[in-house]
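The values are calculated or read from the model by the stated rules, or taken from the named source; none is laboratory data. Given the structure is predicted, the values throughout are model-derived calculations rather than measurements. Neighbour counts are summed over all protein chains in view; Cβ atoms, including those assigned to glycine, are modelled from backbone coordinates with ideal geometry. Protein only, heavy atoms only, side chains kept; ligands, DNA and RNA dropped before computing areas. Shrake-Rupley method; radii C 1.70, N 1.55, O 1.52, S 1.80 Å.
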Amino acid sequence: MGLSRDPAPLREVQQAIQSYVLRGDRDAEARVLSTSRVDARTRLDIYAKGYRLRLLEALEEDFRAVRALIGEVAFQRLAEGYIDAHPSAHFSLRYFGQHLPSYLSHGEYSASPWLFELASFEWLLGEAFDAPGATLVSPDALASVPPASWPDMGFTLHPSVRRIELAWNVTRIRQAVESEEPPPAPERSEVGIPWLVWRQGLKTYYRSLEPDEAASLDRVREGATFGNLCEDLCRWVAEDEVAARAAGFLRRWVTDGLVTAVRLA
Amino acid sequence: MTETSALLTPHLGFGLGLRKEHYDAVLADRPEVGWFEVITENYLVGGGKPLDYLDRIRAHYPMAMHGVSLSIGGTDPLDSGYLKALKALAARVEPIWISDHLCWTGVGAVNLHDLMPLPYTEEAVRHVAGRVRAVQEFLGRRILLENVSSYLSYHASQMSEWEFLVAVAEEADCLILLDINNIYVSAENHELDPRTYLAAVPVERVQQFHLAGHRDLGDYRIDTHDEPICDPVWDLYRDAVRRFGTVTTMIERDDHIPPLAELLTELGQAERIAAEETASGALDRSGNRAWA
Ligand SMILES: [Fe+2]
């Protein structure tokens, strides 16, 4: 096909095309051929529009409740702003939405603080959904630990375990959207409520926690032993109830599939 | 009768893309599909449902891994994190082969999540071929590169798309995944002859065919994978079988995903066409009887 009319190195061509796709930078037009039916700009626009559409669809998939709550038009505007602020840097579209919660905590969206919480919660559900798996500890394994060893016992939690504090009723909003019901209006509770998100088998679950269970679980994630948990629980319950309370948490965590290893010092 | 070139894996029959909408139906019904093609990136996650279904379905079917993020034509360094993840997934899946696209996906650490066409230059041939060789060395196997649907072309190009594809494949010593629909879409968009394209591709490097549906928007066509294969693409496929013989073939459907049975019917049509075209004579895999 003979000599090139545009001897620019490959990288320059790519930068020009990408600038058009990301920002509509028109320098790229001079590098693109027109056909008898379609001019260069229209051809570039196919890529520019496709880019925005693909990213919008990824956000819609990952933040279904945010979209249902604010409506399609507002969500599209949100997505446009986010797409400009955070071009995808990951090889997988799966992670494109990871900065949306923090994006929602700034600027105009900070006036609707439930959006940050809802997006954070939805992102955690996604993380739990495809987090690595791990073999679980069976309830029998606990029973076989001699009582004298309990204080030194440490635990490894399932890689899907996530914790979040939510002041708004965003779990109910998400639940309504998933059941294809109209979402309730955002409502703030007096105090933040601790939530747990995790996957057992192939199913993702979430439940609220009492403050002492949340604190215990957080301590376990930091490497605390059963003995440490008991010491901490003195802040919430009488000393003679501490061991039973901690053992109750532990049994529930094991049954729920949160514990993948028991370590004995 | 079918003589396979030394480069190629023997014919594996007719396959489908594995899509999550069909996971349960595949496991329950075990449809008569020769193999499944999986989108690599969908399984580059820690665990959960995607990998669980992948393993269970892999236990019953051969699989090919088809990637979209290699950016083999990109000018950023190859993404070593991606390559390592790709290699680890390949160790798990033991795919019949690994493919990606002859394109670039972004520069400056940006991913456009699209298959961007390259300018067809000598520089790009050398650049891409060098990267293919590096990837093949890292993976310890030949890869397949697929021709993409494109909606623009460059003043910078010095050769045709098919000359470019062939030059890269020869220089890199890689294989070709020939997407018949993409040939048709690109030929329409660039006002070229799809049969000239077919005739230029070396038979001994074509390991796989893709078939798919696209959208005709009047002035141009877009590779949407959201509807059945159209008649002109079936005709082109017929010509492709005449030239290339029985090539391992699959249908891509990525949107408006119908029940599995519908795709199996469409796959049956591909199988029928291939049978008609190969039964009519001693067609050999090297395509000597092509264009009879
Ligand atoms: Fe394809």
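Annotation: for a label point projected 7 angstrom from Cα along Cα→Cβ of B:Arg141, residues of the stretch B:78-98 with backbone N closer than 16 Å are B:83-98. Taking a ≥ b ≥ c as the square roots of the Cα gyration tensor eigenvalues, the stretch A:99-163 comes out prolate, since a/c reaches at least 1.5 and a/b is larger than b/c. Taking amide H positions as modeled 1.01 Å from N, with prolines and chain starts lacking one, the residues under 5 Å from B:Thr121 and 5 or more places away or on another chain are B:Gln158. Which of B:His214, B:His66, B:His155 moves most in a GNM of chain B, Cα contacts under 10 Å? Comparing B:His214, B:His66, B:His155 in the GNM, the peak value goes to B:His155.
With all pairs of different alpha carbon atoms counted, what Kirkwood hydrodynamic radius in Å does the stretch B:175-237 show? Write down the numbers at each step before the final one.
On the way: mean 1/r = 0.0834 Å⁻¹.
For the stretch B:175-237, the Kirkwood estimate is 12.0 Å.
Which whole-number value in Å² is the accessible area per residue of the stretch B:3-279, probe 1.4 Å? Before the final figure, lay out the partial values.
Working: 9540 Å² over 277 residues.
Result: 34 Å² per residue.
Here's how it looks for A:Gln200: its modeled amide H is under 5 Å from those of A:Tyr205, which are all 5 or more places away or on a different chain. Highest GNM mean-square fluctuation among A:Val170, A:Val237, A:Val13, for chain A modelled with Cα contacts below 10 Å: A:Val13.
Candidate cross-link partners of B:Lys20 among the lysines, defined by an alpha-carbon separation under 17 Å and a same-chain spacing of 8 or more, comprise A:Lys203, B:Lys49.
Its Cα gyration tensor gives the protein assembly as shown an equivalent ellipsoid. The semi-axes, each the square root of 5 times an eigenvalue, are 50, 28, 21 Å from largest down.
Once you reduce the stretch B:174-253 and the stretch B:90-142 to the center of their Cα atoms, the two points are 20 Å from each other.
Which residues, if any, in the stretch A:121-148 have at least 50 Å² less accessible area in the whole protein complex than in the isolated chain, probe 1.4 Å? Relative to the lone chain, where solvent access is computed with a 1.4 Å probe, the stretch A:121-148 loses at least 50 Å² at A:Phe129, A:Asp130.
Take the Kirkwood radius over Cα pairs of the stretch A:5-69, plug it into Stokes-Einstein at 20 °C and 1.002 mPa s, and you get 159 µm²/s for translational diffusion.
For chain A, the ratio of Cα radius of gyration to the globular rule of thumb 2.2 N^0.38 Å stands at 1.38. Taking chain A as a Gaussian network of alpha-carbon nodes connected by springs under 10 Å, the highest mean-square fluctuation of the residues A:Pro151, A:Pro194, A:Pro101 belongs to A:Pro151. When the alpha carbon gyration tensor of the stretch A:61-177 is reduced to an equivalent ellipsoid, the three semi-axes, largest first, read 37, 16, 13 Å.
With contacts taken as Cα pairs under 8 Å and at least 6 residues apart, chain A reaches a relative contact order of 17 percent.
Beyond 26 Å, what share of the Cα-Cα pairs of the stretch A:130-264 remains, rounded to the nearest whole percent? Here the tail beyond 26 Å accounts for 30 percent of pairs.
Compared with its chain on its own, the stretch B:140-188 contains the following residues whose accessible area drops by 30 Å² or more in the full protein assembly (probe 1.4 Å; ligands, DNA and RNA excluded): B:Tyr151, B:Leu152, B:Ser153, B:Tyr154, B:His155, B:Ala156, B:Gln158.
Work out how much length A:Val73 to A:Glu239 would gain on full extension: take 0.36 nm times their residue separation and subtract the Cα-Cα distance, in nm to one decimal.
Extra length available between A:Val73 and A:Glu239 comes to 54.2 nm.
Summed over both chains, the contact between B and A buries some 4400 Å² of accessible surface at a probe radius of 1.4 Å. Using the Stokes-Einstein relation with a Kirkwood hydrodynamic radius computed over Cα pairs, the translational diffusion coefficient of the stretch B:3-279 at 37 °C and a viscosity of 0.692 mPa s comes to 173 µm²/s.
For the stretch B:209-282, what class follows from the C-alpha gyration tensor (a ≥ b ≥ c being the square roots of its eigenvalues): rounded when a/c is under 1.5, otherwise prolate if a/b is larger than b/c, else oblate?
Working: a/c = 2.64, a/b = 1.51, b/c = 1.75.
Judged from the Cα gyration tensor, the stretch B:209-282 comes out oblate (a/c at least 1.5, b/c at or above a/b).
Rg and Dmax of the stretch A:13-107, both derived from C-alpha coordinates alone, stand at 15.3, 48 Å.
Heavy atoms of the protein chains alone define the surface here; on that basis the stretch A:1-89 has 50 Å² accessible area per residue at 1.4 Å probe size.
What average count of beta carbons from other chains do you get within 10 Å of the Cβ of residues in B:37-48?
Numbers: counts 0, 0, 0, 2, 5, 4, 2, 5, 8, 9, 10, 14.
Per residue, the number of nearby Cβ atoms from other chains is 5 on average.
Sites counted here are GluC sites (Glu not before Pro) in a DSSP loop (not H, G, I, E or B) having no more than 12 other Cβ atoms within 10 Å; the longest part of chain A that contains none of them is A:1-179.
Which residues make up the longest stretch of chain B clear of GluC sites (Glu not before Pro) that lie in a DSSP loop with no more than 11 other Cβ atoms within 10 Å, not counting the sites?
Details: sites that count: B:Glu3, B:Glu32, B:Glu191.
For GluC sites (Glu not before Pro) (loop position, at most 11 other Cβ atoms within 10 Å), the longest site-free span of chain B is B:33-190.
Protein heavy-atom surface of the protein assembly as shown, 1.4 angstrom probe: 51% of the accessible area is carbon and sulfur, with nucleic acids and ligands not counted. The stretch A:107-169 and the stretch B:41-88 have Cα centres separated by 27 Å.
For the stretch B:53-178, the Kirkwood radius over C-alpha pairs fed into Stokes-Einstein at 37 °C and 0.692 mPa s yields D = 218 µm² per second.
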